[in-house]
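Scroll down for the structure; my scribbles are underneath it.
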Amino acid sequence: MRHSKVTLIALMVCCSSMLHAQTARDHAVALHVSQNDVNLIINADSATISNPSTRFSMRGQGAFDWTDVQIDSVLDVLQLAKSDTAVEVRCLTLRRDTAGRPVPADGYVLLNNTQSSRGQGRVALIVDAQAASALEAELARYRDDLRREGWTTELVITQPSRDHRQAPAVRALIYEAYRRPHPQPLSHVVLIGQIPVPYAGGFSVRGVYPPPDGHEDHGGAWTADCYYADMEIAPGIDASEAWTDTSVEIADSINAYRMQNVNVPGDGKFDQSTLPSDVELAVGRIDMADLPAFGTTSGNRAREFELLRRYFDKNHRYRTTGRTIPLRAVIDDNFNGFVYEKGRQRIHEAFAASAWRSFTPMVDEIVVGDWVAETATRPSIDTMQSLLTYACGGGGFTHCSYVATTSELSRQPLRSPITMLFGSYFGDVAAQDNIMRAVIAADGDALTCGWSGRPHWFMHPLAAGETVGDCLVRTQNNGGEYRGATTVSLDDGTLTPLRLGERGIHIQLVGDPTVRFPGPILASLSVRRVAVPDVPTLEIDIAAMDSCRVTLEIAATPDGPWTELTPAFDIDAQTGRSIRIPAPISSGFIRARPYRAIDQRGSRCWTSMWGRGIIKSFGATTSVVDISLPDPAERRYFDLLGQPVPSNGASLPPGLYLWQTPSQTGTTIEGFGQ
């Protein structure tokens, strides 16, 4: 909806007129990843490559500092060997607008070709008791979806409440799960239903930390789910003591016109405006309460549960059919470059650059369009599917100007699973009819929504197999590793990062933090017992819709712990694979999961893409196939690394070997035999 009056970010009040010569796109370097037989190739547009200020740099996984690297002087690209590639690449450049003024721009890609992790980690679902009862079937299906993707899940039930004073009790449950010894560490937390909403902050336009949206009356405390994500200030030292409630006193209506934003000592709202320490967990909230535009009421949760069911239906649909969504992104930028002067500084906020920078390496097409149809000339995501979507504009709690209103979203679908918004007020997400919560409540495909602008979010790791929650954590912990908004001195041209909103307690995710890009898909998995004397043996048949590598795992229960059953092996989409292997346990579960180190999607290369797997149980009731092992003289033997082992089948030393022999159908039966 096009609003006739636009609510501007209040910081503009003290600034000179906008400099319209620049757009947000000018502040983003469009990096592109492709491949040849031996290398991954990273390049940018020719103007960026030829710019003498352009610098490429890299860092390894987990590193903080960047190291400058030289591009190929002949091909004007950066080439990295495909083998064991686990690096992040950054490109910084300084462009000029039509008036000759400097325009800082940057871009990032993450590459991971190492298959460094067999699983996604452990996820805790914190669910209010009433929602757990009403959504029993949906939660069971959701947990099954997560397990198929490699997660270990645990369900934690708590009493329904949105009261911020109950937040420490919920955090104690999360901390207990975090500290519990487990083969897979806790990495993600999903808050489902009415879970206490923490508040924190002493935001003030006259203080050290201005309100993230710049509005004087939106100071005090904002919603702060990062409280649930900050576990330790140092290894083994609980971070809860770093969250205090003793010093901030903002109670006047000038600085906090809503009671929810009032913050005084002892009220259960924390003092911190920025993170006291790095967060360890990716936390997302799925909350459909207090959305009267969607029909919810305070006295009856029936409509709220309907919206939650619809959300988990969307979630399941994305996890099973998401690979069919076009490689498209939509950007609706109503702030343009948002470049202005303040004192002797030119400030480049360029909110939508966070989308141009992140989306370009990941999709084939970026469309400048709308969220809700407005004209016949611009496409919109209420009818057109898009993998990624961003919009920004002036706003209020229930609308983003020139983008959409909560009322419109209650009637219109959104055909994009991963979304970001930015505008005034609504980054404080617990408010009634908040538009960011309306995004995931809407019909269609929307599963996540983040507030990207102050600070910029960095979503490029999605193309390296990471989750939206992982991108959230990178954004929350960013202390200079990534560059978003910048300032340029009008005196000497010195470039300085603008840290407005960086590491703020307001950085949070609406929706499921485990959402990631869809990977390769398996078609079927069957498990049978084989009548082999003295050796409990399973025969496992696997078929895939995409050629890929497959990992086989075994566990006594669906939530593990899972252990690798065989080394990973390749599977062709046309022929499938049959494996015969001794079973280390008499009953349990087999999980097959597909993986692609390099996943060519359209013109884009994604890396480290794990897909949706299949889980099958086996035990005493599993069908028995009376198939004897092939004659040893007919077998070819290999060690566990796939190297041939010369043998006539009778003189092998004790150990496990891979043997192979043609079957009558021309496919291959393989197994591990003593």
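The values are calculated or read from the model by the stated rules, or taken from the named source; none is laboratory data. A quick note: this is a predicted structure, and the numbers were derived from the prediction, not measured. Methodologically, a virtual Cβ is constructed for each residue, glycine included, from the backbone with ideal geometry; neighbour enumeration extends over all protein chains shown. Remember, those area values only see protein heavy atoms, side chains included, never the ligands or the DNA or RNA. Shrake-Rupley method; radii C 1.70, N 1.55, O 1.52, S 1.80 Å.
Structural remarks
- Yes/no for D570 being without any contact (Cβ under 8 Å) to a residue 24 or more places away in the chain and either part of a strand (DSSP E or B) or over 23 Å from the mean Cα position of the chain (by Cα) (or both): yes
- Unmet criterion (only one of (1) in a strand (DSSP E or B); (2) touching a Lys or Arg at 6+ places or on another chain (Cβ under 8 Å); (3) under 26 Å from D599 (Cβ atoms)) for R346: (3)
- Checked against the criteria, L80 does not count as assigned to a loop (DSSP other than H, G, I, E, B) and at pLDDT below 90.
- Total residues in region 324-355 satisfying the condition of being touching a Phe, Trp or Tyr at 6+ places or on another chain (Cβ under 9 Å), open to solvent by 10 Å² or more (accessible area, probe 1.4 Å) and within 20 Å of A446 (Cβ to Cβ): the figure is 3.
- Complete set of residues in region 161-184 that are among the acidic types (D, E) and either in a loop (DSSP other than H, G, I, E, B) or at pLDDT below 95 (or both): D163
- For the residues T389, T383, T419, T398, the requirement of being among the polar types (S, T, N, Q), over 16 Å from A293 (Cβ atoms) and open to solvent by 30 Å² or more (accessible area, probe 1.4 Å) singles out T383.
- Among the residues listed as F305, F312, the single one being more than 22 Å from T383 (Cα to Cα), of a type in the set (F, W, Y) and touching a helix residue (DSSP H, G or I) at 6+ places or on another chain (Cβ under 9 Å): F305
- Among the residues making up region 361-378, a single one is under 17 Å from L414 (Cα atoms), within 26 Å of the chain's Cα centre (by Cα) and surrounded by fewer than 16 Cβ atoms within 10 Å (Cβ to Cβ): V368.
Okay, residues lined up against (1) at pLDDT below 90; (2) open to solvent by 20 Å² or more (accessible area, probe 1.4 Å); (3) of a type outside the set (A, V, I, L, M); (4) more than 22 Å from the chain's Cα centre (by Cα):
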residue: V468; (1), (2), (3), (4): no, no, no, no
residue: N477; (1), (2), (3), (4): no, yes, yes, no
residue: Y482; (1), (2), (3), (4): no, no, yes, no
residue: D492; (1), (2), (3), (4): no, yes, yes, yes
residue: L495; (1), (2), (3), (4): no, yes, no, yes
residue: R503; (1), (2), (3), (4): no, yes, yes, no
residue: H506; (1), (2), (3), (4): no, no, yes, no
residue: T514; (1), (2), (3), (4): no, no, yes, no
residue: S526; (1), (2), (3), (4): no, yes, yes, yes
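- Sole residue being under 19 Å from the mean Cα position of the chain (by Cα) and among the charged types (D, E, K, R), chosen from R357, R344: R357
- Unique match (being open to solvent by 10 Å² or more (accessible area, probe 1.4 Å) and assigned to a helix (DSSP H, G or I)) among S407, S358: S407
- Enumeration of residues in region 76-91 that are within 23 Å of A28 (Cβ to Cβ) and open to solvent by 20 Å² or more (accessible area, probe 1.4 Å): D76, Q79, L80, V87, R90
- Number of the condition not met by A556 [criteria: (1) over 30 Å from N315 (Cβ atoms); (2) in contact with a Gly (Cβ under 6 Å, 6 or more places away or on another chain); (3) open to solvent by 30 Å² or more (accessible area, probe 1.4 Å)]: (1)
- Residue in region 185-201 that is modelled with pLDDT under 95 and part of a loop (DSSP other than H, G, I, E, B) present: yes
- Filtering region 168-224 to residues that are open to solvent by 10 Å² or more (accessible area, probe 1.4 Å), over 15 Å from Q508 (Cα atoms) and among the aromatic types (F, W, Y) leaves Y175, Y178, Y209.
- Residues satisfying the stated conditions in region 295-311, i.e. surrounded by fewer than 21 Cβ atoms within 10 Å (Cβ to Cβ) and in a helix (DSSP H, G or I): A302, R303, F305, E306, R309, R310
For (1) modelled with pLDDT of 95 or more; (2) under 24 Å from M436 (Cβ atoms); (3) not hydroxyl-bearing (S, T, Y), each residue gets a yes or a no:
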{"residue": "E216", "(1), (2), (3)": "yes, yes, yes"}
{"residue": "I237", "(1), (2), (3)": "yes, no, yes"}
{"residue": "I250", "(1), (2), (3)": "yes, yes, yes"}
{"residue": "S253", "(1), (2), (3)": "no, no, no"}
{"residue": "Y257", "(1), (2), (3)": "no, yes, no"}
{"residue": "P265", "(1), (2), (3)": "yes, no, yes"}
{"residue": "F270", "(1), (2), (3)": "yes, yes, yes"}
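Residues are listed down the side, and each one gets a yes or a no for (1) free of Cβ contacts under 8 Å to residues at least 12 places away in the same chain; (2) over 30 Å from R344 (Cα atoms); (3) of a type in the set (G, A, S):
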position: G469; (1), (2), (3): no, yes, yes
position: V473; (1), (2), (3): no, yes, no
position: H506; (1), (2), (3): no, no, no
position: S526; (1), (2), (3): no, yes, yes
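- Scanning region 122-150 for residues that are surrounded by fewer than 20 Cβ atoms within 10 Å (Cβ to Cβ), basic (K, R) and touching a His at 6+ places or on another chain (Cβ under 9 Å) gives a single hit, R141.
- Any hit, region 117-132, residues being closer than 20 Å to T566 by Cα and either charged (D, E, K, R) or at pLDDT 95 or above (or both): yes
- When residues of region 581-608 are limited to those that are within 31 Å of the chain's Cα centre (by Cα) and of a type in the set (A, V, I, L, M, F, W, C), the one nearest to G619 (Cα to Cα): F589
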